[in-house]
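The values are calculated or read from the model by the stated rules, or taken from the named source; none is laboratory data. Not measured: the values here are computed from a predicted model. Cβ placement follows ideal geometry from the backbone for every residue including glycine, while neighbour counts extend to all protein chains displayed. When the accessible area is computed, the model is the full protein with side chains, heavy atoms only, and any ligands, DNA or RNA have been set aside. Shrake-Rupley method; radii C 1.70, N 1.55, O 1.52, S 1.80 Å.
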Amino acid sequence: MELYALTIHELQELLANKEVSAVDICQSVLDRIERVEGKIGAYITLDKEKALEQAAVADQHIDEGKGGALCGIPLSVKDILCTKGLRTTCGSKILESFIPPYDATAVEKLNAAGAVILGKATMDEFAMGSSNENCAYGVPKNPWNTECICGGSSGGSAASVAADECIASIGSDTGGSIRQPASHCGVVGMKPTYGRVSRYGLVAYASSLDQLGPITKDVEDCAIMLNAISGYDPKDSTSVNRQTPDYRQSLKDGLKGLTVGIPKEYFTAGLDSEVEQAVQQGINLLREAGADTVEVSLPHTDYAVAAYYVIAPAEASSNLARYDGVRYGFRDMEAESLLEMYKESRSIGFGDEVKRRIIIGTYALSSGYYDAYYKKALQVRSLIVEDFTNAFEKCDVLVSPVCPTPAWKIGEKVDDPLSMYLSDILTIATNLAGLPGISVPCGFSGNGLPIGFQIQGGHFEEEKLLQIAYNLEQRLDISGKKPALS
Ligand code: GLN
């Protein structure tokens, strides 16, 4: 197999045995990008020269015996993470020319581990979306069917991994944005517990929900990436000061003694029959592997989308107030007064979906409506947290589909934001409760589109999720299947 098609752990072995160099790997991935990027559009910004330089440094470090955990591994990074000296647009025109003066903590950790950063992956503007169609820099295509969306908002991250345009990626997940595109692109994606990974340098969308996580070719790589980015960071007051386990350690443990909960509300009307079948087959495989299963209830599931689409826009309306044409990025130079400059910079700089969220959020927080919308949504959030607490008394993890349907056609839902929002029903509650969740491929639809299997767990139970996902992956053995992008 070509180097670009390999996983982190496979490449690590080749590097350790000196069978290949980091520059060979980087060149192989850059050639691949050259060949397929025109069809996919996974990147907003590429920095090939810098990548090759980093690869050469990695080779030096390997020679000196001081290579880090990701030494010489080429990655893409969602364009929502600040990268020192490398443009960070967040998919928005308003940050078209923003070059951060510092690295996000996660990026700093990747660099310290010796990773090679290829460039910045495309995304929905400010991470608002489920299809990556809300982007000022074009719509990326699903590598399995280029007429379909690759999911969002970390669409470029998932597409770049699926199309072998990088070895792994980092995305962010506020309501499903790692798990859902991973599911649609047939790769692994994990949203860790809120507080597990530092959000310093992650451009804020909804600060009480945002979390960074890996998107990878298999579960073992997911554990490797999580090892690299996890941990307490004094620069993020919401990061939790707690030991990071070695996520690779318990990966291969069996499932005997684990109880898998099946939330009945996640298998109701609106669920595509092929998705249901693939997930049921996954559940059967977990039973064969020795896990017990039990039906559980998350009674407030129906209210999750409504609560999320008040809370997330409310936080966004406040977070996005900083883009005023003065301090960051785009400024309308034709404005004749300060007020006009603010107004025009924001009107021209933001896309429609972002404006819609700012308006919804501002309305929900305004005096007279705060109690009716924002406070109510917070109350629903508490009930959702309680649902999970009750469910986890009966089981160790919860399993379900990630998205009710496989990837849809580009353009299909753009004029119907509500139907787009509703497709987030199975991923949003995880964020409202701050829990970890993973998507692992579990099959394909009749027309060849990937289907993801979601595992959610209690706070800081990432090890359990990875262990179950690994067992499932081994039993399914579809992780080697690649989209036919020649
Ligand atoms: N689709 C959801 C939204 O548009 C989630 C996005 C995300 O997780 N960043 O808000």
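A few points about this structure:
- Within the range 29-117, the trypsin sites (Lys or Arg not before Pro) that combine a DSSP coil assignment with at most 11 other C-beta atoms in a 10 angstrom radius are K66.
- Where a label projected 7 Å from the Cα of E2 along Cα→Cβ would reach, residues of the range 35-76 with amide N under 14 Å: 35-40
- Total formal charge among the other residues, if their Cβ is under 14 angstrom from that of H61, Lys/Arg +1 and Asp/Glu -1: -2
- Among beta bridges from DSSP that stay inside the chain, the antiparallel ones total about 65%.
- Of S366, T238, G68, farthest towards positive along the dipole that unit charges on Lys, Arg, Asp, Glu beta carbons give the chain: S366
- Take the Cα of E295, go 7 Å toward its beta carbon, and the backbone nitrogen atoms of the range 230-267 under 14 Å from that spot belong to 261-267.
- Length gained when the stretch Q60-K39 is fully extended (0.36 nm per residue, less Cα-Cα span): 4.1 nm
- Once both labels are positioned 7 Å from their Cα atoms along Cα-to-Cβ, the gap between I348 and T268 label points is 4.7 nm.
- Cα-centred dipole magnitude for the range 334-486, charges only on beta-carbon of K, R (+1) and D, E (-1), debye, nearest 20: 240
- In a reduced charge model with +1 at each Lys and Arg Cβ and -1 at each Asp and Glu Cβ, the range 1-91 shows a dipole moment near 440 debye about its Cα centre.
- Given charges at beta-carbon only (K, R positive; D, E negative), |dipole| of the chain in Debye: 580
- Per residue value of the accessible surface for the range 31-178 (all protein chains in place, 1.4 Å probe), Å²: 28
- Using the Cβ-Cβ distance between Y370 and S207 with R0 set to 25 Å, the FRET efficiency from 1/(1 + (r/R0)^6) comes to roughly 0.90.
- For the pair the range 98-169 and the range 443-464, the centres of their Cα atoms are 19 angstrom apart.
- Of the GluC sites (Glu not before Pro) in the range 128-178, the ones in a loop by DSSP (not H, G, I, E or B) with at most 15 other beta carbons within 10 Å are E147.
- Placing unit charges on each Cβ (+1 for Lys and Arg, -1 for Asp and Glu) gives the chain a dipole about its Cα centre, and among N390, S183, V57 the Cα reaching farthest toward its positive end belongs to N390.
- Reachable lysines from K141, criterion Cα separation under 19 angstrom, eight or more residues apart if same chain: K39, K78, K120, K217, K409, K413, K481, K482
- Net length gained if the chain between E412 and A484 were fully extended (0.36 nm per residue, minus Cα distance): 23.6 nm
- Separation of the S337 and S250 label points, Cα + 7 Å toward Cβ, nm: 6.2
- Paramagnetic reach from A16 in the range 141-185 [backbone N under 11 Å; point 7 Å along Cα→Cβ]: none
- Among L426, A407, V380 - extreme Cα towards positive end, dipole of the range 322-467, charges at beta-carbon: V380
- Built amide H within the under 5 Å cut-off of G452, gap 5+: V402, C403, C442
- For the range 304-460, the solvent-accessible area works out to 43 Å² per residue, with a probe of 1.4 Å and every protein chain left in place.
- Fraction of accessible area attributable to carbon and sulfur, the chain (%, probe 1.4 Å): 49
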